[in-house]
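To start, the structure under review is shown below, and the notes come after it.
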Amino acid sequence: MSDTTATRAPASPYRPDRKKRSRHFYNAVGLVAFVVMAFPVYWLIVSSLRTNAEIRSYDQKLWPTSLTFDNFRRAIDAPNFGTAIQSSLIICVTAVVGAMVLSTIAAFAIGRFRFAGRKVFMIVLLVVQLLPPTAMLIPLYIQLNDLGAINEYWGVIVIYLVSTLPFATWMIRGFVVNIPLELEEAAMVDGCSRMGAFWRVVFPLLAPGLAAASIFSLINAWNEYLLAYIVLQDNDKYTLNVWLMNFTTSRGTDYGALMAASTLIAIPVVAFFMIVQKKMAAGLTSGAVKG
């Protein structure tokens, strides 16, 4: 054997795999976090399948002793259930679509153009998000009352649209600045106008940002309670979250029907998320170049 050959000690077969142990630790942490976040949802669904006697019992179990769907029947048969669905759909869909249109225009302007007051405008967007909605409740009510928007759908729509606009603009702007400007310039060289380049090149690549912003806007509008309760005053105009008050009366609270109604209210948001999630994944690869 040559003297220049280095002698290496054999690797110890008992050397611990630190990377594997670290992976198991993070998996365990993720599992615990998932259980903590998912348990309230599980308890909501399970409670909607329990009888009221079992719900009020001190001997609670993780699974109901007897399943019943009577809670869902009472929830559906409650007064103004259909009108509450109609009100929520009108308000939320209009607010989300309006917020996506305005935030996309604002995000494109902030991300592509340089104008006086641009940085100040971006800072104002962040500062507005720091203000709690309850702090602006009285000024909003006075202004809406002067405009005749009390007990009108469009009054709630304007509030929801404005409240989600700053965050949606910031989120979509992050996607706009990451789209190379050369793509737009190449489209305009090929004959597209500025607007044509936006619709054919930029807008398809904004699909992930629009999907994420629309999910945030829908959740914010669909789950809001206080502003809708203050602005809307007729029972036939209440949104679903305000409609849940029907299950609390002077004789007590119908917890079974309340849990069942809450479960039904959560279904549209979950379904929308599952649909948009596919669009988000498709949008990430929409700009791929074919060979």
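Which of the residues belonging to the range 110-153 are part of a helix (DSSP H, G or I), among the aliphatic types (A, V, I, L, M), closer than 27 Å to ASN235 by Cα and touching a residue at least 40 places away in the same chain (Cβ under 8 Å)? Full working, then the answer.
Applying the first criterion (part of a helix (DSSP H, G or I)) to the range 110-153 yields 110-112, 118-130, 133-147, 153.
Checking the rest, the ones that are also among the aliphatic types (A, V, I, L, M) come to 110, 120, 122-128, 130, 135-138, 140, 142, 144, 147.
Next cut, closer than 27 Å to ASN235 by Cα only: 135-138, 140, 142, 144, 147.
Residues satisfying the conditions are LEU137, LEU140, LEU144.
Do we have any residue at all in the range 132-148 that's in contact with a helix residue (DSSP H, G or I) (Cβ under 9 Å, 6 or more places away or on another chain), among the charged types (D, E, K, R), modelled with pLDDT of 85 or more and open to solvent by 60 Å² or more (accessible area, probe 1.4 Å)?
no
Taking the stated definitions as given, is ILE172 part of a loop (DSSP other than H, G, I, E, B), in contact (Cβ under 8 Å) with a residue 24 or more places away in the chain and open to solvent by less than 60 Å² (accessible area, probe 1.4 Å)? Step through it out loud before you land on a result.
Working: part of a loop (DSSP other than H, G, I, E, B): no; in contact (Cβ under 8 Å) with a residue 24 or more places away in the chain: yes; open to solvent by less than 60 Å² (accessible area, probe 1.4 Å): yes.
When the stated conditions are applied, ILE172 does not pass them.
Could you please let me know if LEU44 is among the aliphatic types (A, V, I, L, M), surrounded by 11 or more Cβ atoms within 10 Å (Cβ to Cβ), modelled with pLDDT of 65 or more and in a helix (DSSP H, G or I)?
Numbers: among the aliphatic types (A, V, I, L, M): yes; surrounded by 11 or more Cβ atoms within 10 Å (Cβ to Cβ): yes; modelled with pLDDT of 65 or more: yes; in a helix (DSSP H, G or I): yes.
Yes: the conditions hold for LEU44.
Mind checking which residues of the range 149-167 are among the small types (Gly, Ala, Ser) and surrounded by fewer than 20 Cβ atoms within 10 Å (Cβ to Cβ)?
Kept after step one, since they are among the small types (Gly, Ala, Ser), are these residues of the range 149-167: 149, 155, 163.
Result: ALA149, single match.
Please go through the range 101-131 and pick out each residue that is among the aliphatic types (A, V, I, L, M), open to solvent by less than 40 Å² (accessible area, probe 1.4 Å) and in contact with a Leu (Cβ under 8 Å, 6 or more places away or on another chain). Steps first, answer last, please.
Narrowing the range 101-131 to residues among the aliphatic types (A, V, I, L, M): 101-102, 105-107, 109-110, 116, 120, 122-128, 130-131.
Within this subset, residues satisfying the condition of being open to solvent by less than 40 Å² (accessible area, probe 1.4 Å) are 106-107, 109-110, 122, 125.
Hit for the range 101-131 is ALA106, nothing else.
Among the residues of the range 175-197, what is the count of those that are open to solvent by 60 Å² or more (accessible area, probe 1.4 Å) and over 16 Å from ILE215 (Cβ atoms)?
As a first pass, look at the range 175-197 and keep what is open to solvent by 60 Å² or more (accessible area, probe 1.4 Å): 175, 177-178, 180-183, 185, 188-191, 193-195.
After this cut, where a residue has to be over 16 Å from ILE215 (Cβ atoms) as well, the list is 177-178, 180-183, 185, 188-191, 193-195.
Number satisfying all stated conditions: 14.
Is it true that ALA281 is at pLDDT below 90, surrounded by 19 or more Cβ atoms within 10 Å (Cβ to Cβ), of a type outside the set (Asp, Glu) and in a helix (DSSP H, G or I)? Can you show your working first?
Numbers: at pLDDT below 90: yes; surrounded by 19 or more Cβ atoms within 10 Å (Cβ to Cβ): no; of a type outside the set (Asp, Glu): yes; in a helix (DSSP H, G or I): yes.
So ALA281 does not fit the description; no.
In the range 50-75, which residues are in contact (Cβ under 8 Å) with a residue 24 or more places away in the chain and hydrophobic (A, V, I, L, M, F, W, C)?
ILE55, PHE72, ALA75 - these are the residues of the range 50-75 that are in contact (Cβ under 8 Å) with a residue 24 or more places away in the chain and hydrophobic (A, V, I, L, M, F, W, C).
The values are calculated or read from the model by the stated rules, or taken from the named source; none is laboratory data. In this text the structure is predicted, and so the values were computed from the model without any measurement. Cβ coordinates were reconstructed from backbone atoms using ideal geometry, including for glycine residues, and neighbour counts include every protein chain displayed. Please note that ligands, DNA and RNA were not included when accessible areas were found on the heavy atoms of the full protein model with its side chains. Shrake-Rupley method; radii C 1.70, N 1.55, O 1.52, S 1.80 Å.
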